[in-house]
Every structure is written in structure tokens, then in C-alpha cells.
Amino acid sequence: PLAFMRGRTLNDAFIILDEAQNTTPEQMKMFLTRLGFGSKMVITGDVTQNDLPNGQRSGLAIIRDILDGVDDISFMELTADDVVRHRLIGDIVKAYDKYDAAKSVPRTIRNN
């Protein structure tokens, strides 16, 4: 758990942070700065499924802006076309995207 990471350095490790949309910016910074020698990190999440209290920024939603241009860091964004669940799920994701576009609600700030 993130609560036990403060003060640690993770050397020679492959570290996965899943559901990262529920981290605060401070938690995300703490997690990222645990990277040690010989380690790699993968961070996953869906910024449209944020469970943080209303109005609280997601650490996942802001790291692209903060880390853009930093060597050895890359981002991959998946779309509704990448959904591997039931066929209908891709259509549901597209419907939400269309709804957000009509309401001018950026995907990165919509909470459940």
C-alpha cells in the first residue's frame, strides 16, 4: 500500500501502481520518487473513474503535464477501441465521451 512507501527506495524492482486515478498529487509524487536503481515503474488508471472527493485533483491526471519532456518517461493512452471486455463496453465509453464533449466537461476532472 502507498501508506507504507514513505522513506523507501525500491531497487531492482518492477513496480506497478494500479488504479492510480485515486492518488492525490502528493501521493503520486511520493510514489514516483521511490524509484531506485535497476527498477522500472508502470502506472495505470482511468482518470474518468476517479473516486477522490469532489474537486480533489487526481495525481494521475496531472503527471502528464508535470513530466512531459522528461527523458525515459513515456505515456500511453488507451481508447474505447482498446476495450477487451464485453463489446458493449466500448460503446458505453464512447457514449460517455460524447456526453462529456457536449457538456464541455474535460475527461480528466469528471468524478463518478
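A few points about this structure:
- Identity of the residue in the stretch 1-54, of a type in the set (Ser, Thr, Tyr), under 13 Å from the mean Cα position of the chain (by Cα) and assigned to a loop (DSSP other than H, G, I, E, B), that ends up nearest to residue 97 (Cα to Cα): 44
To keep it simple, each residue is scored yes or no on (1) surrounded by 10 or more Cβ atoms within 10 Å (Cβ to Cβ); (2) among the aliphatic types (A, V, I, L, M); (3) at pLDDT 90 or above.
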| position | (1), (2), (3) |
| --- | --- |
| 62 | yes, yes, yes |
| 66 | yes, yes, yes |
| 69 | no, no, yes |
| 74 | no, no, yes |
| 81 | no, no, no |
| 84 | no, yes, no |
| 93 | yes, yes, no |
| 97 | yes, no, no |
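- Among residues of the stretch 6-18 that are small (Gly, Ala, Ser), none has a beta-carbon under 6 Å from a residue that is assigned to a strand (DSSP E or B) at least six positions away or on a different chain.
The values are calculated or read from the model by the stated rules, or taken from the named source; none is laboratory data. On a predicted model such as this, the values are computed, not experimentally measured, just so you know. Counting neighbours? That spans all protein chains shown, and the Cβs are built from the backbone with ideal geometry, glycine included.
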